[in-house]
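Read through the structure below, which is laid out as structure tokens, and then see the notes.
Throughout, read-outs are computed from the coordinates displayed, never taken from laboratory work. As the structure is a computational prediction, the values presented were derived from the model and not from experiment. Cβ atoms come from the backbone with ideal geometry, glycine included; neighbour counts cover every protein chain shown.
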Amino acid sequence: MNWLIRKVFYKDYVFEVPKEVYAPAEDSFLLAENLTVKAGDLVLDVGTGCGFIAVLTAKRARKVVAVDVNPFAVQCTRQNASLNNVADKIEVRQGDLFGPIKQKERFDVILFNAPYLPSEEWEEQDLASKAWAGGSIGRKVIDRFIREAPKYLKKNGRILLVQSTLSDVEQSLRMFFETGLDAKVIAQGKVEFETIVVIEVERSG
């Protein structure tokens, strides 16, 4: 086996992750613990990385569309979908945020473990770093996601967004409200110098 490939075990799942791809960490596990996907749901996993959340979601969902800008992540997700016997339920597309999503596509659930750490511009150029580098205040990608996500959400759909207190959680809640969505923090976990949160978003009323 290539020594550059890491193996990550979670419950009955196993994931193989090359060095060019973000490996599941505390933020991934926090989202996994708060996943609520119903049978028949059509799910969009933005920034899928190694496909960790996509694979977990596919066990219940009707179909998962997994997107990542990193070509190594796209290949990795396909391999992990096969490794965990859900390849028939996961469609992997390469592109930035909603770039690979068709204009008329709508989803019951949209998931995003965002790049939320404040970073220097040079750090954003590395493919692997794109998974965590969020720009000078950590909101470069989060703000774009919040502006674009509602148009791809079904009428009774939900969004689960993972971010850090280092990137202004209150600002995210305000932005969702301004787009006509209700948002609240449903889970949080303390790690070293930050707190990671899961924000759940639904349409008002």
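Quick one: which residue in 147, 158 is of a type outside the set (A, V, I, L, M, F, W, C) and outside any helix (DSSP H, G or I)?
Details: 147 fails: outside any helix (DSSP H, G or I).
Going through 147, 158 in turn, the sole match is 158.
Can you find a residue in the range 47-67 that is hydrophobic (A, V, I, L, M, F, W, C), over 19 Å from residue 160 (Cα atoms), in contact (Cβ under 8 Å) with a residue 12 or more places away in the chain and touching a Gly at 6+ places or on another chain (Cβ under 8 Å)?
Filtering the range 47-67 down to residues hydrophobic (A, V, I, L, M, F, W, C) leaves 50, 52-56, 58, 61, 64-67.
After this cut, where a residue has to be over 19 Å from residue 160 (Cα atoms) as well, the list is none.
Checked against the condition, which is being hydrophobic (A, V, I, L, M, F, W, C), over 19 Å from residue 160 (Cα atoms), in contact (Cβ under 8 Å) with a residue 12 or more places away in the chain and touching a Gly at 6+ places or on another chain (Cβ under 8 Å), the range 47-67 yields no hits at all.
Filtering the range 88-106 down to residues that are of a type in the set (D, E, K, R) and without any contact (Cβ under 8 Å) to a residue 24 or more places away in the chain, which residue is nearest to residue 144 (Cα to Cα)?
From the range 88-106, those of a type in the set (D, E, K, R) are 88-89, 91, 93, 96, 102, 104-106; that's our starting set.
Still in the running and without any contact (Cβ under 8 Å) to a residue 24 or more places away in the chain: 88, 102, 104.
Working: 88: 30, 102: 17, 104: 19 Å.
Top of the filtered list is 102.
Can you tell which of 11, 59, 38, 7 is touching a Leu at 6+ places or on another chain (Cβ under 9 Å) and among the basic types (Lys, Arg)?
After applying the criteria, what remains is 11.
Which of (1) among the charged types (D, E, K, R); (2) under 22 Å from residue 131 (Cα atoms); (3) in contact (Cβ under 8 Å) with a residue 40 or more places away in the chain does residue 154 not meet, given it meets every other one?
It fails just one condition, (2).
Take the residues of the range 154-175 that are under 14 Å from residue 187 (Cα atoms) and of a type in the set (S, T, N, Q): which is nearest to the chain's Cα centre (by Cα)?
Top of the filtered list is 163.
Taking only the range 161-183 into account, find how many residues are in a loop (DSSP other than H, G, I, E, B) and either among the acidic types (Asp, Glu) or surrounded by fewer than 13 Cβ atoms within 10 Å (Cβ to Cβ) (or both). So that I can check it myself, show each step before the final result.
First, pick out the residues of the range 161-183 that are in a loop (DSSP other than H, G, I, E, B): 168, 179-180.
When the remaining residues are screened for being either among the acidic types (Asp, Glu) or surrounded by fewer than 13 Cβ atoms within 10 Å (Cβ to Cβ) (or both), the result is 168, 180.
Matching residues across the range 161-183 total 2.
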